[in-house]
Amino acid sequence: MLAYKDVTKTYTPGQPPALLGATLRVAPGEMVALLGPSGAGKSTLIRCANGLVRPEAGAVTVAGQPVITLGSAELRAVRRKVAVIFQEFHLIDRFSVLKNVLTGRLGQVSFWRAALGLWSAADVAMARELLARVGLEGQERKLARELSGGQRQRVAIARAMMQAPEILLGDEPVASLDPVTGRSILRLIADLTVERRLTTVLSLHDVTLAREFCLRAVGVSGGRIVYDGPMADVTPDVMNAIYGSGGV
Amino acid sequence: MSEVLRLRGRLSDRFRAPALWTLVLGGLVGSVLVTGFTPDQMQTWSYAGEFIRGMFPPDWSVLPQVLRGMGETVGIAFLGTFVAFVLAFPLAFLTARNITGPWVGVPLRWLMAMLRSVPEVLWAIIFVVATEFGNIPGVLALAAHNIGILTKLIGEVYEEAPIGPQEAMAATGAGRAGVVWFGILPWAMPTVLSHTFFRFECNIRSAAILGVVGAGGIGTLLMQHRQLFQYQMMTVDVVGIIALVVLADWLGAAVRKQVS
Ligand SMILES: Nc1ncnc2c1ncn2[C@@H]1O[C@H](COP(=O)(O)OP(=O)(O)OP(=O)(O)O)[C@@H](O)[C@H]1O
Ligand SMILES: [Mg+2]
């Protein structure tokens, strides 16, 4: 469960807020598409959920725990439950695929064990299983930089699952990929959402793709949530409200 | 390009040539006045001919000593670089603005600036006076100067690390150490090592001279032979120093080729 209540974030005092009174609840097993024009506040909304951005007002709750007011140790505990995948994947290029997946465990294991590469057999087995699950069996020893974009995002997804998260956030997870690859990645995320009862929120700028995979849409415009409802009800009028008259 | 920038470009173009000439001419006149460098001083050059004649033929009997001195010089350079690296590598975490706050970072950056602003030769003189003649003050001198340089260089590499992987590591719930170790170091390491090798290359050159102030290596022989007027032996010292500098250049080029 991920809940926002009246969340407001202003990056630069005097500038209009990036997020203004955003309220939203997402339940386990749900996969929500965040829609909105550039600069609407989608990334900000996503990053508030794990404390990468700290809003100045409102409340964000992850699995019943408030995020915003936490100290750094408690924040780390929350972050373990919230996995994030990024548009640019953000893998460690010089590490092997397997080691990249294992870094998903950094919130759970001690720094020294991780730094010395003393991963437990259970963790390594889990990483291999996850790599097989995302379709990268037999690629464990390849370096991350040797992979295609789609393969990299699969590694990032395996790394995210390594956290055994309750919540999965994706900031434009398919925007750097071609439509066919993007579709296969969204298929994988949708399947994992159901399998693991994840609370999934993805910002997507390709509305056609969003319609294919998400039953619920949340429209953001100028820092406000201007639509929250079934994807099927996202009519041209709603699109106008989200994207302005330039929207399709 | 904006209109303002283009205008500024044109203005400075118009002034650039006269400014350059003024600088060069002014520099020439000023330098001659300051150094007292006048053509009639060239008379003293007649001694140069005598001196150079005195250097030949080289006295190769000192070759074993010179080779040993060269080895010591490389050893001083290696140890000096090694000690500097071992200290600078962790210190750089404390001077990098994206890792450590200003309360530790600012004073430490100042300290490092002071360490590196003292030239190796001056450090060598200080350590020779404080300890003894020989290789140890040479190592310490190179280490002191290079901690300042390497901490700055390595800290700047850490600062340039892309934010993405760091955020990805933080998002897993990793602590600060985890973020630095996995989010910054793998990206930074090749550049860190190439900076360190570059300093090793520079340190071979520096170490060759440090002996002149008593801090060990082949420079010690050069100083001794000069003081005893053994110019034919000094020739071999000079050949040894040139060989070292060529070796350092070659080593640096080879390493840079490997890294890039
Ligand atoms: N770190 C930051 N510092 C200052 N302003 C920021 C920062 N991050 C975002 N903003 C501003 O906040 C607003 C919302 O940005 P945000 O990145 O959340 O939009 P977005 O919907 O993700 O856009 P895009 O589709 O282009 O990624 C924008 O006006 C942006 O300029
Ligand atoms: Mg964004």
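The values are calculated or read from the model by the stated rules, or taken from the named source; none is laboratory data. Here the structure is a predicted model, which means the values were calculated and not measured. Here the Cβ positions follow ideal geometry from the backbone for every residue, glycine too, while neighbour counts run over all protein chains shown. Protein only, heavy atoms only, side chains kept; ligands, DNA and RNA dropped before computing areas. Shrake-Rupley method; radii C 1.70, N 1.55, O 1.52, S 1.80 Å.
Please go through the range B:222-231 and give me each residue that is touching a helix residue (DSSP H, G or I) at 6+ places or on another chain (Cβ under 7 Å) and open to solvent by 20 Å² or more (accessible area, probe 1.4 Å), ordered by number. Even if it seems obvious, please write down each step before you answer.
Taking the range B:222-231 and keeping what is touching a helix residue (DSSP H, G or I) at 6+ places or on another chain (Cβ under 7 Å), we get B:222-223, B:225-226, B:231.
Within the range B:222-231, B:L222, B:M223, B:R226, B:Y231 qualify.
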Task: Count of residues meeting criterion [open to solvent by 10 Å² or more (accessible area, probe 1.4 Å) and within 14 Å of another protein chain (Cβ to nearest Cβ)] in the range B:186-211 - done: 6
- [ ] Please find, within the range A:37-55, the residue that is farthest from ligand 2 (Cβ to nearest atom) out of those that are more than 10 Å from chain B (Cβ to nearest Cβ) and assigned to a helix (DSSP H, G or I).
- [x] A:C48
TODO: Name the single residue, out of those in the range B:153-174 being surrounded by fewer than 22 Cβ atoms within 10 Å (Cβ to Cβ) and out of contact with any helix residue (DSSP H, G or I) (no Cβ under 6 Å at 6 or more places or on another chain), that is nearest to the other protein chains (Cβ to nearest Cβ).
DONE: B:G164
Task: Scan of the range A:56-66 for residues that are open to solvent by 10 Å² or more (accessible area, probe 1.4 Å) and either β-branched (V, I, T) or within 13 Å of ligand 2 (Cβ to nearest atom) (or both), ordered by number - done: A:T61
- [ ] Return the only residue of A:V62, A:V97, A:V134, A:V82 being within 11 Å of chain B (Cβ to nearest Cβ) and not small (G, A, S).
- [x] A:V82
Open item on the list: A:P66 - would you say it is within 16 Å of ligand 1 (Cβ to nearest atom), under 21 Å from the mean Cα position of the chain (by Cα) and modelled with pLDDT under 95?
Closed with: no
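For the structure I just gave you, tell me whether A:V155 is closer than 30 Å to A:V26 by Cα, in contact with a strand residue (DSSP E or B) (Cβ under 8 Å, 6 or more places away or on another chain) and open to solvent by less than 40 Å² (accessible area, probe 1.4 Å).
Numbers: closer than 30 Å to A:V26 by Cα: yes; in contact with a strand residue (DSSP E or B) (Cβ under 8 Å, 6 or more places away or on another chain): no; open to solvent by less than 40 Å² (accessible area, probe 1.4 Å): yes.
Taking the combined requirement at face value, the residue does not satisfy it.
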Task: Selection from the range A:206-248 of residues that are open to solvent by less than 20 Å² (accessible area, probe 1.4 Å), within 16 Å of ligand 1 (Cβ to nearest atom) and part of a loop (DSSP other than H, G, I, E, B) - done: A:G223
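What residue, of A:A73, A:A83, is among the aliphatic types (A, V, I, L, M), open to solvent by 50 Å² or more (accessible area, probe 1.4 Å) and away from ligand 1 (no atom under 11 Å from the Cβ)? Quick ask: steps written out before the conclusion?
Working: A:A83 fails: open to solvent by 50 Å² or more (accessible area, probe 1.4 Å).
Testing whether each residue is among the aliphatic types (A, V, I, L, M), open to solvent by 50 Å² or more (accessible area, probe 1.4 Å) and away from ligand 1 (no atom under 11 Å from the Cβ) leaves just A:A73.
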Task: A:L177 vs. criteria open to solvent by 10 Å² or more (accessible area, probe 1.4 Å) and within 26 Å of A:G39 (Cα to Cα) - done: yes
Task: Residues of the range B:119-152 satisfying the condition of being crowded, with 16+ Cβ neighbours inside 10 Å and part of a loop (DSSP other than H, G, I, E, B) - done: B:G134
Open item on the list: Among the residues in the range A:62-77, are any assigned to a loop (DSSP other than H, G, I, E, B) and under 17 Å from A:A217 (Cα atoms)?
Closed with: no
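Specify the residue that is nearest to A:V201 (Cα to Cα); the eligible residues are those in the range A:10-24 that are within 16 Å of ligand 2 (Cβ to nearest atom) and in contact with a Gly (Cβ under 8 Å, 6 or more places away or on another chain).
Start the filter on the range A:10-24 by keeping residues that are within 16 Å of ligand 2 (Cβ to nearest atom), which leaves A:11, A:17-19, A:22.
Now narrow it down to the ones that are in contact with a Gly (Cβ under 8 Å, 6 or more places away or on another chain): A:17-19, A:22.
Values: A:P17: 22, A:A18: 18, A:L19: 17, A:A22: 15 Å.
That would be A:A22.
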